[in-house]
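The values are calculated or read from the model by the stated rules, or taken from the named source; none is laboratory data. Since the model is a prediction, treat every value here as computed from it, not as a measurement. Cβ placement follows ideal geometry from the backbone for every residue including glycine, while neighbour counts extend to all protein chains displayed. Each accessible area value is taken on the protein alone, full model and side chains, heavy atoms only, with ligands, DNA and RNA left out. Shrake-Rupley method; radii C 1.70, N 1.55, O 1.52, S 1.80 Å.
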Amino acid sequence: MVAVEPYSPKRLDATLEALAAAFVTNPLHLAAFGPERLDRTRFFFRVGLRHMFTGSAFVAVDGGEVVGYMHFNTAPQCLPPPEALPAFAAAELRPLEDAVPRVIEWFARWARLDPEEPHAHLGPIGVVPGYQRQGVGRALMKPYVEHLDGEKIEGYLETDRAGNVDFYKKFGFSVVRDENVIGVPTWYMRRPPR
Ligand SMILES: CC(C)(COP(=O)(O)OP(=O)(O)OC[C@H]1O[C@@H](n2cnc3c(N)ncnc32)[C@H](O)[C@@H]1OP(=O)(O)O)[C@@H](O)C(=O)NCCC(=O)NCCS
């Protein structure tokens, strides 16, 4: 049975594998890193787990195996300022080689669109392919939605799959903007405070 627990860095490697498996075929990852770049996706999430996902994080665990991950953070800590990205990339993202400019463009755009209003920003959330469509994503969303309702704060997220838009609508999110980012259709969604 799948249980949702707070993330611990003791689970770093298992969580990286789960995130890489969940995201390796996502359109933004394909556009930024190239096809079949599990190595780059895993490295990208290693940097994320160490430096960027500093808010509240949870894992879905089945018999000791990590099968999903969810993180949210409260503005303004949710994304680095766009002007800080090139230096951060030069220091932390060098192994991504030719993908670095695309990663900078991607996150600079997201950072520029980050709402000024107080909000709790979701991302990443991922479930390994073999566990998708079985309620694990819903279980991972629970602590986030409880936080939004408890704090009466707005929810916000970006996504690069049309199917995910339907997933998030089930939790009260609606699309506030859509556009291409590094050539990939991307949706921005908000959930008003309740
Ligand atoms: C998005 C994701 C986390 C959803 O997790 P999941 O475990 O498959 O979702 P669940 O099984 O808990 O689904 C919850 C509900 O959303 C619906 N849903 C899930 N994925 C959907 C999709 N692609 N299209 C339409 N509805 C979807 C389910 O039918 C279910 O509805 P119900 O509870 O009313 O029956 C998962 O698909 C995933 O990890 N995708 C790859 C990585 C990714 O894109 N992450 C999000 C980046 S923004």
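Listing for the model above:
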{"item": "Average projection area in nm² (convex hull over Cα atoms of region 95-194, one quarter of hull surface)", "result": "7.4"}
{"item": "Positive-pole candidate from 68, 78, 2, dipole of the chain, charges at beta carbon", "result": "2"}
{"item": "Convex hull per residue volume in Å³, alpha carbons only, for region 49-150", "result": "131"}
{"item": "Whichever aspartates and glutamates have a C-alpha closer than 18 Å to that of residue 10, once near sequence neighbours (fewer than 8 apart) are set aside", "result": "62, 65"}
{"item": "Helical contribution to [θ] at 222 nm, DSSP H n ≥ 4, -39,500 (n - 2.57), averaged over the chain, rounded to 500", "result": "-11500 deg cm²/dmol"}
{"item": "The chain: most fluctuating residue of 144, 156, 131 per GNM, C-alpha cutoff 10 Å", "result": "131"}
{"item": "Under 27 Å from the Cα of residue 169 - lysines, other chains or at least 8 residues apart", "result": "142, 152"}
{"item": "Accessible area per residue in Å² at 1.4 Å probe, computed on the chain", "result": "49"}
{"item": "Approximate spin-label separation residue 152-residue 166, in nm, with each point projected 7 Å along Cα-to-Cβ", "result": "3.5"}
{"item": "Dipole in debye (nearest 20) - region 17-105, about Cα centre, beta carbon charges: Lys, Arg +1; Asp, Glu -1", "result": "120"}
{"item": "Rule-of-thumb Rg ratio for region 13-85 [Cα; 2.2 N^0.38 Å; N residues]", "result": "1.17"}
{"item": "For region 140-184 and region 84-99, distance of Cα centres in Å", "result": "27"}
{"item": "The chain - percent relative contact order, Cα under 8 Å, separation 6 or more", "result": "22"}
{"item": "Overall dimensions of the chain as given by Cα atoms, namely Rg and Dmax in Å", "result": "15.7, 44"}
{"item": "Most mobile of 123, 63, 172 in a GNM of the chain (Cα contacts under 10 Å)", "result": "63"}
{"item": "Virtual paramagnetic centre 7 Å along Cα→Cβ of residue 62, amide N under 14 Å, in region 127-149", "result": "127-140"}
{"item": "Top of 121, 51, 29 by mean-square fluctuation, Gaussian network on the chain, Cα under 10 Å", "result": "51"}
{"item": "Percentage relative contact order, region 1-77, counting C-alpha pairs under 8 Å, at least six apart", "result": "40"}
{"item": "Cβ charges +1 (Lys, Arg) and -1 (Asp, Glu), total dipole of region 85-194, debye", "result": "460"}
{"item": "Estimated dipole of the chain in Debye, rounded to 20 [Cβ of Lys and Arg +1, of Asp and Glu -1, Cα centre]", "result": "280"}
{"item": "Charge dipole of region 81-194 about the Cα centre (unit charges at C-beta), most positive-ward option of 120, 168, 183", "result": "168"}
{"item": "Within the accessible area of the chain (1.4 Å probe), percent carbon and sulfur", "result": "53"}
{"item": "Projected label distance in nm at residue 83 and residue 174, using a 7 Å step from Cα toward the beta-carbon", "result": "3.6"}
